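Peer 1: What follows is a structure written as structure tokens; I'll ask about it next.
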Amino acid sequence: MVVDRIEVYLDGASEPLAVLREPPYRLNLDTRKIPDGEHVLRVVTHFRGGGEEIREIPFTVNNYPDVMVLGLDEGGEVAGTLELRLAVGEPELPVEPVRFNPIWYVVASVIVLGSIWAYFALSPAAERIATELAPPAQETQAPKEGPGPAASVDPALMEKGKSIYEANCAACHGAGGQGMPPVMPALAGNANLKDAQMILGTVKNGRGAMPAVGAAFSEEELKAVATYIRNSFGNSFGPVE
């Protein structure tokens, strides 16, 4: 089946945000013009000769900046003069020079790889375009060598955290914690994971490109996955208090 056009709608709007007629099919979505909260992107693919395919993608907009204070650990003992850094935006896990818009990744993946797959299969020219546009495959990396978990870490809690991580986190951060930069930062050997409260808050509430995967987790589950992240992939930061 050959694609005639692709229409993109936001939420329940009757008028499309864009009508895409020629490959490569691309759309720039400015989330600053969308209210914060839950939304749905609807992609309607129309085929020549009739027929259509509809895909709906739920997503969350959060353009409210987050403020971080670096150089002072919560509950730490200090003396003398401190040099603090105040950062507004995403946490440094690690800092990437260019911010990546997660909404663009969702739209591009669905439109380029999903909605026009049949078109790619039938057209040699389109197949060449798909090869050029598709992101390079991520090679699976083995966990980095490094110290094991701290001696004071509960093995049962680590095992529980591993199960939660593999079910909810590994798809983006990788089984070995290698991440998918610049979309998802690497966890392996990441010194920023020393901040346990930052990990708990990010897993529970989401931040930047990361959704709130732990919004429905219990306190014990949050503690387990945070403990596993802080003591795996070459990290050894001890238990979560």
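Peer 1: So Tyr25 passes all but one of these: (1) at pLDDT below 90; (2) out of contact with any helix residue (DSSP H, G or I) (no Cβ under 7 Å at 6 or more places or on another chain); (3) among the aromatic types (Phe, Trp, Tyr). Which condition number does it fail?
Peer 2: Exception for Tyr25: condition (2).
Peer 1: Shifting gears a bit: Considering segment 217-239 alone, what residues qualify as being open to solvent by 20 Å² or more (accessible area, probe 1.4 Å) and of a type in the set (Ser, Thr, Tyr)?
Peer 2: Answer for segment 217-239, where residues must be open to solvent by 20 Å² or more (accessible area, probe 1.4 Å) and of a type in the set (Ser, Thr, Tyr): Ser218, Tyr228, Ser236.
Peer 1: In segment 197-216, which residues are surrounded by fewer than 20 Cβ atoms within 10 Å (Cβ to Cβ) and in a helix (DSSP H, G or I)? Walk me through it before giving the result.
Peer 2: Taking segment 197-216 and keeping what is surrounded by fewer than 20 Cβ atoms within 10 Å (Cβ to Cβ), we get 197-198, 200-201, 204-209, 211-213, 215-216.
Listed by number, the residues that qualify are Gln197, Met198, Leu200, Gly201, Lys204, Asn205.
Peer 1: Kindly provide the set of residues from segment 157-185 that are touching a residue at least 12 places away in the same chain (Cβ under 8 Å), open to solvent by less than 50 Å² (accessible area, probe 1.4 Å) and small (Gly, Ala, Ser), ordered by number.
Peer 2: Answer for segment 157-185, where residues must be touching a residue at least 12 places away in the same chain (Cβ under 8 Å), open to solvent by less than 50 Å² (accessible area, probe 1.4 Å) and small (Gly, Ala, Ser): Gly161, Gly174, Gly176, Gly177.
Peer 1: Ok, one more. Restricting the search to segment 28-55, which residues are in contact (Cβ under 8 Å) with a residue 24 or more places away in the chain, assigned to a strand (DSSP E or B) and not acidic (Asp, Glu)?
Peer 2: If the condition is that a residue be in contact (Cβ under 8 Å) with a residue 24 or more places away in the chain, assigned to a strand (DSSP E or B) and not acidic (Asp, Glu), then Gly37, His39, Val40, Leu41, Arg42, Val43, Val44, Thr45, His46, Phe47, Arg55 are the ones that fit.
The values are calculated or read from the model by the stated rules, or taken from the named source; none is laboratory data. These numbers were taken from a predicted model, which means no experiment stands behind them. Positions of Cβ are backbone-derived with ideal geometry, glycine not excepted, and every protein chain shown enters the neighbour counts. Quick note on the areas: whole protein, heavy atoms, side chains included, nothing else; ligands and nucleic acids left out. Shrake-Rupley method; radii C 1.70, N 1.55, O 1.52, S 1.80 Å.
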